[in-house]
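Structure, as structure tokens:
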Amino acid sequence: MSETVTLTIDGAEIQAKPGQMILVAAEEAGIYIPRLCHYKGLKPHGSCRLCTVTVNGKPMASCTQPVAPGMVVETKTEALNQFRRQILEMLFAEGNHYCMFCEKSGNCELQAQGYRYGMTAPRYPFQYPMRDIDASHPDIFLDHNRCILCARCVRTSKDLDGKNVFQFVNRGKHKRVAVDSRARLAGTNANVTDQALGACPVGALMKKRVGYAVPVGQRLYDHKPIGSEIEAKASR
Amino acid sequence: MNPNLETDIRQICKEFGNDRGRMMDIVIAVQKKHGCVNDDAMDLIAKTVATHRVEVESTVSFYAFLSTRPRGTIVIRLCHDIIDKMHGSDAVAAALAREVGVPFGQTTSDGKITLEYAPCLGLCDQAPAALVNDVPVTNLSTDKARWMVQELRKHHDPNQLVTEFGDGNNAHELIRSMVYNNIRKRGEVVFAEMKPGEALQKALSMSPAEVIREIKASRLRGRGGAGFPTGMKWEFTRGAPGDNRYVMCNADEGEPGTFKDRVILTECPDLMFEGMTIAGYAIGGNTGILYLRGEYAYLRSYLEHVLADRRKKGLLGKSVCGAKHCFDFDIRIQMGAGAYVCGEETALISSCEGTRGDPKNRPPYPAQKGYLDCPSVVNNVETLCCAARIMEKGAAWFAQMGTTDSPGTKLLSVSGDCKRPGVYEVPFGIPVREVLAMVGAEDAMAIQIGGASGQMVGPKDYDRPISYEGLATGGSLMVFGPKRNVLEAAHMFMDFFVEESCGYCTPCRVGNVLLKDRLEKILNGQGEPGDLDYLQELGQTVKVLSRCGLGQTSSNPVLTTLKNFRNVYEGLVKVNQDKFQSSFDIKAALTPARKIIGRESVIYT
Ligand SMILES: Cc1cc2nc3c(=O)[nH]c(=O)nc-3n(C[C@H](O)[C@H](O)[C@H](O)COP(=O)(O)O)c2cc1C
Ligand code: SF4
């Protein structure tokens, strides 16, 4: 097997490692493909579908599709951006996302993707689901209203924290994150120092008593859109 | 806590080697014994097989037939699909609710009877149908429904509801069911006579590579829906590195309107098992798994008996067909528990591994990394029957039937508005019109071909052939007569997909709900012309972005009715003059607020 794979992404010839996923190969080349469920250090998940690109004209999730020699990948077509906006609108319509008073506002990846893709209001009717908040733990709360089911907490707890605090239960629209105790989060071995907390892209799994600590204007995505740090690599 | 629970769970887990990979078998057995898998049971199972409680809950909560809360000792599951509805299942439902005394979704206060809906039970040719625990009850009427409940109140024994057996093996002492096969047309491939062992002997006289070559020469394609060339699939699996290889037979048959595998399982299991064994020999595997949908549990003892018989005859087990071949092969049955998505091959593998039935990411494909990460072949029941017959009669014999791209015969499950519903074995390439004449449905206004995930087509397509290159189907053909509303059918199919989506990926989990809601709005007479574009765009998005075949086909009912029956939509939508959202009901929207403040709105009374 050769050491590198050559493929084309957005017109540029790119060298990638064999077996590497398109999303990662693009990132190393300074091309940002938007994502929510993908998270550094975790195995690819392929659930949010935001990272869909076209490979030789065929739509595919770039986080789970390995590179192959001669592939022609497009990541930024208008059609793809339309699709992405729709995915984001679906996520906003599905849950209860009260950005204006959410502690995660400005640091939230879902919100930041919404801004990046020019989403204003969802074209889809809000579902207003009745969802639960688990505030039983002394230091952590889990607000299902804001959960986007990306499994980042599930996977981080298992693969990086060496615990198994979270897992999905139910299916379809009833699918939700459950915790490893019938006594809710307080009954688990979850700890405020767990990496799982930092893995949550939205305001679903949060530290208590530290909300709104960073003033507006100094938050993660207040000035630059999400993904700029990756794109900055290319322009350097 | 129930004092026996701990002992029972220890016993059950031990029976399955305390292997959490056998979680499906464990939780099904626990539920059978204790009515549900409750909090205590989940804690105990987790402890016994060394996993986390939430993992057990994750599996149990995924499957419709499993429950964490107690249900009645008798669960009546009424089939809730469009065909049953057309045959009066709504009236049956009302009669059941009245007679039992609780609405659907609830259990009587004495804990005796639970009423539930189930998606297609695979009995559309004798609808309306229900499952009473494992026992199918067919051709329900309101009278029969009332009688059924009265009987159950007397003896609490679903088996006693079977007063008359169906045809063929349905009357076998290990099945004893009222189900009818309704085989209307026998072809030469599946419904012909067979001598157990004949095809297998022939296969074993060749090398595995020669067997694969023969299957490739027959150009056999998968009968489960996707139509992938079977010989190639076997070759990939044989060529993939691994210590073990598995043959999985897909008997999940969940596609609404499909019931042909039910008939194969009842009448020709030997042919199917023979096909599995041949596949095992070809790929170099020693284990076969038959994934049997929970709805067909009533066939299990009979199938176990057929397996035992084959072992006795030396057609399974150590040194199949005599020692000189050094080929060991055996088959076990894995029960499903009510999840359509588990028919998707990677979800089927997840389920066999004891987890929720989430499909897996591809690549790797099952041929490379399937069950327990070993190379695995997943084939439909009918495909494996064809493979066995090809070994018996030769590739050339098989390939001269049907068309070039779709050789052989196909089993069609025909239901709906036709005189002769049932299973037909026809050559591929047969025009729809010919089938409609055969089944007594010349006046069909529309047909849904390929099940809920297939297409709704009208008379202008009736001269097209049924084949992979023409109108494709895994076997389902539902007929809609002149008085039916195709949008109502589309709506029921969307309801089905909303219930059956695994919920893993965004477009399918959310998009199908949105499609269904908008269709509902139109059916309620609140549709506007813009809704048609909305449905088209959304349907396309769900199709393109979804992760597995379920989401990639779930919008078909909407997209194909929009294409072929646009006039029906146009007749229902109207331009909204006052510019208000016609679907917005201010009074309904105020209800929660009214409840909280405890008084009526002053303005909107
Ligand atoms: C949602 C979904 C449900 C499916 N259900 C079934 C099924 O019940 N039976 C079946 O044989 N194939 C089913 N399939 C197709 C399988 O994924 C797979 O393609 C098939 O079992 C392969 O066997 P074949 O090549 O013999 O057709 C389903 C696919 C999807 C996406
Ligand atoms: S398409 Fe639907 S069924 Fe398939 S993975 Fe996505 S959510 Fe699950």
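Values quoted throughout were computed directly from the atomic coordinates according to the rules given, and no laboratory measurement underlies them. The structure displayed is predicted, hence computed values, not measured ones. Backbone-built Cβ (ideal geometry, glycine too); neighbour counts: all protein chains shown.
Could you pull out the pairs from A:Lys175/B:Lys216; B:Lys521/B:Lys543; A:Lys76/B:Lys579; A:Lys173/A:Lys207; B:Lys543/B:Lys587 whose alpha carbons sit more than 30 Å apart here?
Beyond 30 Å between Cα atoms: A:Lys175/B:Lys216; A:Lys76/B:Lys579; B:Lys543/B:Lys587.
Shape call for the protein assembly as shown from the C-alpha gyration tensor, a ≥ b ≥ c root eigenvalues: rounded (a/c under 1.5), prolate (a/b greater than b/c) or oblate?
Rounded shape, in that the Cα axes give a/c under 1.5.
Compute the projected area of the convex hull of the Cα atoms of the range A:1-133, averaged over all viewing directions, and report it in nm² to one decimal place.
Across all orientations, the range A:1-133 yields a mean hull projection of 9.4 nm².
Given H placed on each backbone N at 1.01 Å, which residues far from B:Lys410 in sequence or on other chains put an amide H within less than 5 Å of it?
Distant-sequence amide H within range of B:Lys410: B:Val426, B:Phe428.
Please report, to one decimal in angstroms, the Kirkwood hydrodynamic radius of chain B built from all distinct Cα-Cα pairs.
With all distinct Cα pairs of chain B included, I get 25.3 Å.
What is the spread of the Cα atoms of the range A:5-76 along each of their three principal axes, largest first, in whole Å?
If we take the Cα atoms of the range A:5-76, the spans are 26, 22, 18 Å.
Normalise the Debye intensity by I(0) for chain A, one equal point scatterer per Cα, no solvent, then take log10 at q = 0.07, 0.18 Å⁻¹ and round to two decimals.
-0.25, -1.42
Write down the Kirkwood hydrodynamic radius of the range B:486-572, to one decimal in angstroms, obtained as one divided by the mean of 1/r over all alpha carbon pairs.
Working: mean 1/r = 0.0799 Å⁻¹.
Kirkwood hydrodynamic radius for the range B:486-572: 12.5 Å.
Sorted by packing (mean other beta-carbon atoms within 10 Å per residue), highest first, where do B:28-39, A:111-122 land?
Result, highest mean Cβ count within 10 Å first: B:28-39, A:111-122.
Using the count of nearby Cβ atoms within 10 Å as a rough guide to exposure, how do A:Asp180, B:Asp90, B:Asp531 rank from fewest to most?
Sorted ascending by nearby Cβ count, the order is B:Asp90, B:Asp531, A:Asp180.
For chain B, what relative contact order do you get, as a whole percent, if you take Cα pairs closer than 8 Å and at least 6 residues apart? Spell out each step's value before the answer.
Details: 1223 pairs, mean separation 76.0, N = 605.
Answer for chain B is 13 percent.
Where Rh denotes the Kirkwood radius from the mean inverse Cα pair distance, what is Rg over Rh for the range B:411-541?
With Rg and the Kirkwood Rh in hand, the quotient comes to 1.01.
Taking only Cα atoms of the range B:84-227, what ratio of Rg to Rh do you get with Rh as the Kirkwood inverse-distance radius?
1.15
Seen from all sides and averaged, what is the projected area of the convex hull of the Cα atoms in the range B:409-480, in nm²?
3.8 nm²
Given only helices, namely DSSP H runs of n ≥ 4 each adding -39500 (n - 2.57), what is the per-residue ellipticity at 222 nm of chain B, to the nearest 500 deg cm²/dmol?
Roughly -12500 deg cm²/dmol at 222 nm, from the helical runs in chain B.
Pop out the Kirkwood hydrodynamic radius of the range A:105-236 from its pairwise C-alpha distances, inverse of mean 1/r, in Å to one decimal.
Taking every pair of different Cα atoms in the range A:105-236, averaging 1/r and inverting gives 16.4 Å.
Take every Cα pair under 8 Å in the range B:488-557 that's 6+ residues apart, average their separations, divide by the length, and report that relative contact order as a whole percent.
38 percent
Going by how many other Cβ atoms sit within 10 Å of their own, how do B:Phe497, B:Phe329, B:Phe584 line up, fewest first? Could the numbers behind the result be given before it?
Details: B:Phe497 28, B:Phe329 24, B:Phe584 10.
With the fewest neighbours first, B:Phe497, B:Phe329, B:Phe584 line up as B:Phe584, B:Phe329, B:Phe497.
Which pairs in the list B:Lys32/B:Lys516; B:Lys85/B:Lys483; A:Lys104/A:Lys163; B:Lys85/B:Lys410; B:Lys185/B:Lys260; A:Lys208/B:Lys595 are over 23 Å apart, alpha-carbon to alpha-carbon?
Pairs exceeding 23 Å: B:Lys32/B:Lys516; A:Lys104/A:Lys163; B:Lys85/B:Lys410; A:Lys208/B:Lys595.
At 1.567 mPa s and 4 °C, plugging the Kirkwood radius over alpha-carbon pairs of the range B:1-146 into Stokes-Einstein gives what diffusion coefficient in µm²/s?
My calculation gives 79 µm²/s for D.
Quick one: in the range B:74-163, what % of C-alpha pairs are over 23 Å apart? Display every interim value, and only then the final one.
Numbers: 443 of 4005 pairs.
Of the Cα pairs, 11 percent sit more than 23 Å apart.
Report the far tail of the P(r) of the range B:184-399, meaning the percent of Cα-Cα pairs longer than 29 Å.
Tail fraction, whole percent: 16.
Find the Rg to Rh ratio for the range B:5-62, where Rh is the Kirkwood radius over alpha-carbon pairs and Rg uses the same atoms.
Looking at the range B:5-62, the ratio lands at 0.89.
In whole Å, largest first, what are the principal axis extents of the Cα atoms in the range B:390-448?
Largest first, the range B:390-448 extends 39, 19, 16 Å along its Cα principal axes.
In what order do B:Val102, A:Val5 fall by count of nearby beta-carbon atoms within 10 Å, going from fewest to most?
B:Val102, A:Val5
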